[in-house]
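The values are calculated or read from the model by the stated rules, or taken from the named source; none is laboratory data. Since the model is a prediction, treat every value here as computed from it, not as a measurement. Heads up, the Cβs are rebuilt from the backbone with ideal geometry, glycines too, and the neighbour counts pull from every protein chain shown. When the accessible area is computed, the model is the full protein with side chains, heavy atoms only, and any ligands, DNA or RNA have been set aside. Shrake-Rupley method; radii C 1.70, N 1.55, O 1.52, S 1.80 Å.
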Amino acid sequence: MAQLSDDCFAFGGRLMAVEEAQALIADRIPPLPGTAPVPLRAALGRVLAGALRAPLPLPPFFNAAVDGYAFRHADLAAEGETRLPIAGRLQAGQPPSPLCPGTALRIFTGAAMPEGADTVMMQEDAQEEGGAVLLVPGLKRGANCRPAGEDVPEGALALPAGRRLSPPDIGLAAALGLTTLPVRPLVRVGVFSTGDELAEPGTALGPARTYDSNRFTLLALLAGLPVDATDLGILPDEPAATAAALAGAAARHDLLLTSGGVSTGEADHVRAAIGAGGSLVFWRLAIKPGRPAAMGVVGGTPVVGLPGNPVAAVVTFLHLARPLVLRLAGALAEPLPRFVAEAGFAYRKKAGRREYVRVRLVPGEELPLAQKFAREGAGLLTSLTQSDALVELPEGITQVSPGDRVAVLPFRGVF
């Protein structure tokens, strides 16, 4: 576990911009120590602990890239057809014999090129006739061949340290003959919800209560990250119990996430509990939805208090909790995916804060057209299930008009 000092952030109390919060995380939070080898089949999504250099060239030998005929380029006539007797047939996996000058070899994709052969003519461009092959002119030396190391030369960087391993990464490691990869430890994340009004799904719903959804949303978002997540249940609206639960969980986890209890209400105790058990870094972001978000340190463990409204919890998770998890995991920074779309709506906002507008994406004439969700409440879960993306409106923008170009954060890839 990375033990942080209570004053490792030492930031004031004004509203913090998203980039400032992320810069603090990158600058002040160290990755968790330790590495361990894991089998390739267990490495998906884990963070590579060290740079992987190719122990052999890929491909490991000079080979045919297509089905066709291998020959010496020097035997190809500059003009007119070249007729070469077919000396044999070579399939992938068979060891080749040297090719005699003035002959050709029927060869198949992936087969090792015989000594002396340096070019392959595709079978579609050649014609067999009476035990010989007719080759057309104009082919360059080395055509339709793959030299050894064309993909990755021996000793070259195959995968950088800090990379979250994807399916193609696992395949590349296997192609290089590896059976295990060194990875960083999973981040142990504990997730609380807070509030006397919350009930567990599946239990009887009493009067004035609602089923907890944030905890399940956050655990689902964490499932796509290199974490070992623990469901810590619902905290009551009681200061001492909240402080004790945070302190106890901090000793067993590398990161704590809570939702609710970070605003200015009399029953919002998470912010005070963070301060009582350690230090509060900040508790308001210049962002909408999601302004009442807290971050601090309890017992050397970072704690992120997300807002209680479901949409605000998701937005602040993406901008605070996600980069914090990746930093603790030792992963390379992964900015949220963005692309440009055309606004299909009009909108006004205040200067000085960043806003995120839920939209559906439909085909446009040149760019995707972003159509605003009909309602704006931060408590509307359906605004996420019925939207495709968030339009990101920077601090300096105060108005959006139909046809304006806007930055879009798609849910695909982060949800």
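For the condition under 30 Å from PRO226 (Cβ atoms) and touching a Phe, Trp or Tyr at 6+ places or on another chain (Cβ under 7 Å), ARG322 does not qualify.
When segment 42-60 is filtered for residues that are in contact (Cβ under 8 Å) with a residue 60 or more places away in the chain and open to solvent by 40 Å² or more (accessible area, probe 1.4 Å), the ones remaining, listed by number, are LEU44, ARG46, ALA51, ARG53, PRO55, LEU56, PRO60. Quick check on PRO302: is it crowded, with 24+ Cβ neighbours inside 10 Å and not hydrophobic (A, V, I, L, M, F, W, C)? Yes: the conditions hold for PRO302.
Please verify whether LEU246 is more than 22 Å from LEU384 (Cβ to Cβ), in contact with a strand residue (DSSP E or B) (Cβ under 8 Å, 6 or more places away or on another chain) and part of a helix (DSSP H, G or I), treating the condition exactly as stated. Yes: the conditions hold for LEU246.
Scoring ALA313 on the criteria (1) more than 24 Å from ARG163 (Cα to Cα); (2) touching a helix residue (DSSP H, G or I) at 6+ places or on another chain (Cβ under 9 Å); (3) surrounded by fewer than 23 Cβ atoms within 10 Å (Cβ to Cβ); (4) not basic (Lys, Arg) leaves a single failure, condition (3). For segment 203-247, taking the residues that are under 20 Å from LEU328 (Cβ atoms) and without any contact (Cβ under 8 Å) to a residue 40 or more places away in the chain, the one that is surrounded by the most Cβ atoms within 10 Å (Cβ to Cβ) is identified as LEU219. Of everything in segment 170-223 that is assigned to a loop (DSSP other than H, G, I, E, B) and of a type in the set (A, V, I, L, M), the residue that is farthest from GLY34 (Cα to Cα) is ALA208.
Residues in segment 265-318 that are aliphatic (A, V, I, L, M), modelled with pLDDT of 90 or more and assigned to a helix (DSSP H, G or I): VAL311, ALA312, ALA313, VAL314, VAL315, LEU318.
One line per residue, one yes/no per condition, for (1) at pLDDT below 95; (2) surrounded by 15 or more Cβ atoms within 10 Å (Cβ to Cβ); (3) under 34 Å from the mean Cα position of the chain (by Cα); (4) of a type in the set (A, V, I, L, M):
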residue: PHE62; (1), (2), (3), (4): no, yes, no, no
residue: GLN91; (1), (2), (3), (4): no, no, no, no
residue: SER97; (1), (2), (3), (4): no, no, no, no
residue: ALA111; (1), (2), (3), (4): no, yes, no, yes
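Identify, please: which residue in segment 179-199 is over 22 Å from ALA247 (Cβ atoms) and at pLDDT 95 or above and is, among those, farthest from the chain's Cα centre (by Cα)?
The residue in question is THR179.
Does LEU176 meet the test of being open to solvent by less than 50 Å² (accessible area, probe 1.4 Å), closer than 23 Å to GLY290 by Cα and at pLDDT 95 or above? It is false that LEU176 is open to solvent by less than 50 Å² (accessible area, probe 1.4 Å), closer than 23 Å to GLY290 by Cα and at pLDDT 95 or above. Residues of segment 129-169 that are open to solvent by 30 Å² or more (accessible area, probe 1.4 Å) and in a helix (DSSP H, G or I): PRO167, PRO168.
When the residues of segment 71-87 are filtered to those that are over 8 Å from ALA104 (Cα atoms) and small (Gly, Ala, Ser), the one that is nearest to the chain's Cα centre (by Cα) is ALA74. Those strands (runs of 3 or more DSSP E) of segment 319-376 in which 2 or more residues are touching a residue at least 24 places away in the same chain (Cβ under 8 Å), under 30 Å from VAL187 (Cα atoms) and of a type outside the set (S, T, N, Q) occupy 354-362.
Those residues that are assigned to a loop (DSSP other than H, G, I, E, B) and either farther than 14 Å from LEU135 by Cβ or in contact with a helix residue (DSSP H, G or I) (Cβ under 7 Å, 6 or more places away or on another chain) (or both), I need them from segment 67-98; list them, please.
Going through segment 67-98, the residues assigned to a loop (DSSP other than H, G, I, E, B) turn out to be 67, 72, 76-81, 91-98.
Answer for segment 67-98, where residues must be assigned to a loop (DSSP other than H, G, I, E, B) and either farther than 14 Å from LEU135 by Cβ or in contact with a helix residue (DSSP H, G or I) (Cβ under 7 Å, 6 or more places away or on another chain) (or both): ASP67, GLN91, ALA92, GLY93, GLN94, PRO95, PRO96, SER97, PRO98.
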